[in-house]
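To start, the structure itself, in structure tokens.
Bear in mind these aren't lab numbers, they're just calculated from the coordinates by the rules spelled out. Because the structure is predicted, anything quoted here is derived from the model rather than measured.
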Amino acid sequence: MTIEELAEAAGVSASTIHKAEASDLHSEPELAARLHSILESKGVIFLGAGEGDPAAGPGVRLRLENHDEGIRPQNLNAANDG
């Protein structure tokens, strides 16, 4: 998903998404909730500190069923260059 696609889905400008990436979004909880929801719908899983590993901090994962690995490097050739 590009920044432009995310911005369109959230109903904001691409520059707003760039600004959101540079901040913690505590001052814009509605935007944070919208982005969270959009990203979850695309297969992103948000993890709290300690989820899955007691020593781990917060992070993200991709849901496997929505995960497209694309073409493996060994299978790249002129026929599938696009």
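Rounded, prolate or oblate: which one fits the chain, using the alpha carbon gyration tensor with axes a ≥ b ≥ c (rounded when a/c is under 1.5, else prolate when a/b beats b/c, else oblate)? Here the chain falls in the oblate category. Taking 0.36 nm per residue of separation and subtracting the current Cα-Cα distance, fully stretching the chain between Ala49 and Glu4 would add 13.2 nm.
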